[in-house]
Amino acid sequence: MLERQSAKLWKRALAFEIDLLFISITYLATLAAGVCAAWLGLQLAGYHAPSYTLLDTLILPFGLLSPTVFLAYFIGFGSLRGQTPGKAIMRIKIIGAYGERLTLPMIVLRTFGYALSILPLGFGFLLAYVTRRRQSLHDFMADTRVVAV
């Protein structure tokens with residue numbers, strides 16, 4: 001069986017940045033909608049002074065929600081097709097290390113493995129430069145790899 005070509009590292013990096021951009025836009029749009037709705041509610045209730053405690057009250061839940069959104073995005077899209085929108089744009093996808101179909105535990109482990117790949121100083125991502133199949137630490141942890149589509 002022919003082995004699929006590993007994805008170029010620049011495509012993997014750009015796909016990740018595209019995904020972070022999508023997550024950030026969604027996060028900021030939702031936060032802006034929450035602030036506007038709260039401001040409108042205060043105006044309708046007769047409060048005309050800006051409330052900075054309101055902003056603090058809204059930002060805290062959004063800050064706590066941020067990791068949840070990150071996990072849901074990467075686990076959700078990864079488990080559906082092995083591709084996040086960023087990976088789809090860059091025409092790459094995640095597969096099992098030996099070409100097998102992805103499982104939910106593989107995707108969950110890979111997603112949580114991002115945290116270990118980042119520490120220390122992104123060393124886990126740099127492994128892809130020296131491994132034959134261009135696998136990062138989180139790929140080794142989940143027994144996955146990223147290939148060209």
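Miscellaneous remarks
- Straight-line cross-link reach from residue 87 at under 12 Å between alpha-carbon atoms covers these aspartates and glutamates, not counting any fewer than eight positions away in the same chain: 17, 19.
- With at most 11 other Cβ atoms within 10 Å, longest stretch of the chain clear of loop trypsin sites (Lys or Arg not before Pro) (DSSP): 1-100
- Ascending count of other beta-carbon atoms within 10 Å, so fewest first, for 74, 112: 112, 74
- Where (1) 39, 15, 13; (2) 24, 19, 14; (3) 129, 26, 15 are the candidate values, the label of the one calculated here for semi-axes √(5λ) of the Cα gyration tensor in Å is (1).
- CD proxy at 222 nm, helix term only [per DSSP H run n ≥ 4: -39500 (n - 2.57); per residue of the chain; nearest 500]: -21500 deg cm²/dmol
- Measuring between their Cα centroids, segment 1-41 and segment 64-112 lie 13 Å from each other.
- Inter-label distance, nm, simple model (7 Å from Cα along the C-beta direction), residue 56/residue 30: 2.4
Only the coordinates and a few stated rules stand behind these numbers; no lab work does. Predicted, not measured: the structure shown is a model, and the values here were computed from it. Don't worry about glycine lacking a Cβ; one is built from the backbone with ideal geometry, like all the others, and counts go over all protein chains shown.
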